[in-house]
1. Looking only at residues that are open to solvent by 40 Å² or more (accessible area, probe 1.4 Å) and among the polar types (S, T, N, Q) in region 432-457, which one is farthest from Leu407 (Cα to Cα)?
2. For the condition over 30 Å from Lys47 (Cβ atoms) and either in contact with a Phe, Trp or Tyr (Cβ under 9 Å, 6 or more places away or on another chain) or hydroxyl-bearing (Ser, Thr, Tyr) (or both), what is the one hit in Phe461, Phe443?
3. When you scan region 450-462, do you find a residue that is outside any strand (DSSP E or B), farther than 30 Å from Arg311 by Cβ, modelled with pLDDT under 90 and not charged (D, E, K, R), even just one?
4. Pairs please, first residue from region 425-445 and more than 22 Å from Cys468 (Cβ to Cβ), second anywhere and among the β-branched types (Val, Ile, Thr) and not in a strand (DSSP E or B), Cβ atoms under 8 Å, 6+ apart in sequence or on different chains.
5. When region 62-104 is examined, which residues are found to be surrounded by 17 or more Cβ atoms within 10 Å (Cβ to Cβ) and within 16 Å of Val36 (Cα to Cα)?
6. Take the residues in region 105-131 that are surrounded by 15 or more Cβ atoms within 10 Å (Cβ to Cβ) and assigned to a strand (DSSP E or B); name whichever of them is farthest from the chain's Cα centre (by Cα).
7. Among the residues of region 319-334, write down those that are in a loop (DSSP other than H, G, I, E, B), open to solvent by less than 80 Å² (accessible area, probe 1.4 Å) and of a type outside the set (Gly, Ala, Ser).
8. Among the listed residues Thr126, Thr98, which satisfies the condition of being within 26 Å of Leu203 (Cβ to Cβ), modelled with pLDDT of 95 or more and hydroxyl-bearing (Ser, Thr, Tyr)?
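The values are calculated or read from the model by the stated rules, or taken from the named source; none is laboratory data. Since the model is a prediction, treat every value here as computed from it, not as a measurement. Neighbour counts run over all protein chains shown; Cβ positions are idealised from the backbone, glycine included. Ligands, DNA and RNA are excluded from the accessible area calculation, which covers all protein heavy atoms including side chains. Shrake-Rupley method; radii C 1.70, N 1.55, O 1.52, S 1.80 Å.
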Amino acid sequence: MRYFNQSFPIMQGRVFSCLLLFGFHTVLSEIFDVFVPDDPITVSVGKDVVLECQVVPDISLDTIEVRWFTSDSASPVHLYTGGQDRPDVQDKDYQGRTELFKDEFPHGNASLKLKKIKVSDEGNYTCYIDSKTHHDQAVIDLKVEEFGDWPWVHVEESSNEGLCVVCQSDGWYPEPLIHWVNGKGEDVTVQSETEFIKDSTGLITVQSRINVTSDSVNKFSCFMENQFLSKIQEAHLQISDEFFPRVRAWLVSFWVFVVLVIMAIAVDVMIHRKEDKKIKELEWFCTLEGYDKVELDCVSVTLDVETTNPRLEVSKDLKSLRWTGAWRSLPDTEKRFTNWACVLGSEGFTLGRHYWEVEVVGNRDWSLGIASESVERTRWVSLIPENGFWTMGRNGNQFYINTSPPLPLCVGQIPRKVGVYLSYESGTVSFYNAETKSHLHTFTGNTFTGKLYPFFGTLYFKHFLRICR
């Protein structure tokens, strides 16, 4: 008994030391650091990106909080807590577009996958890890970029009654750097004026102009550079000498006099001819076949989602259409197109005269027109009249009529809106540049049977096709 009394303080001290050591070890095991890449991550619009985040040492994340946020931690980009994701508190802009790699949680991997990148996603993202006894965070910078379309260079009249060279391109982000070089290799960028126009998705259309005179070098090159990618698009234009003939002053005066005389003689005839032509064109455009224009049905077309190809996106108001490239799981219907990226209108026609307009500005790959109800929808067939399609379209800078073989179409001024006209009884389908009221093409000599539907197709993800109201 005496021996026990002497030994108890020693044993008590050893137990206390073990408990202290165990508690100290537990505290150390909860201490960790969060690491992300130092350099910004750059991604293109529409792509997916992984925002890397690693906890060191490798601790399991299954039972602790993983929170990704931008400016407001209370409205997270993604939140994992209590052993599950919390989409109910997630920022609405990111719902359905984020994912954690849970199979990597045992190795301390807290990386976030962000899908279908938008321009608005650009910014700083914080990876925040909280184990209740310790927390740490790190910030990663996401840069969004998009390399625009090949520039289109052309000549226009300038406001000072001279000429200007215009360089235009769609689909940039951020604003590209613009450089102009003349035929002598001189940088003439300071002489240019540039306008940046944002569309509804945040992508930028660039229009840069530079005035030219008779003393200018007749060759110009336009360069557009994406600063993040260090990639350049370029276009060149050689202006014909016919625009600026090199003549003496007295000869210029002589020809000005001759032109004025000719204009004075011909102006009345020209004006009347132009007026008569325009009146006839407008009358024909409005009444189209000589009928009272009240009989022309300007229909309010909507899109039939049951016919939509799974790689297309239709807006909630059923008025807009865009290519996404991603195959969506949609109910199988006999009406759905599974090969062509297209969709039909909701309402079909079996008689009468009907007209509607579609906004195509910015979209560089589209087809519009009429399709028969009986067309093939699951196999690949040509969009030609023999197969029940009467359509025209655009592919890059080329416009064409869908015949066999395709017929190239010279449109003059690039249409921003296309009007489609159907006369069922007369068997005609016509297309118009709706802004200039100019005729593009007409399919004639058809004998329609069965129901016909408006037809819309696109393979361009940057811009919607929009049915005008």
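1. Going through the qualifying residues, I end up with Thr449.
2. Exactly one residue qualifies, and that residue is Phe443.
3. The answer is no; no qualifying residue exists.
4. From residues that are more than 22 Å from Cys468 (Cβ to Cβ), the pairs are Gly427/Thr444; Gly427/Thr447.
5. Val66, Arg67, Trp68, Phe69, Thr70, Leu100
6. Ile129
7. If the condition is that a residue be in a loop (DSSP other than H, G, I, E, B), open to solvent by less than 80 Å² (accessible area, probe 1.4 Å) and of a type outside the set (Gly, Ala, Ser), then Lys319, Thr324, Leu330, Thr333 are the ones that fit.
8. Thr98
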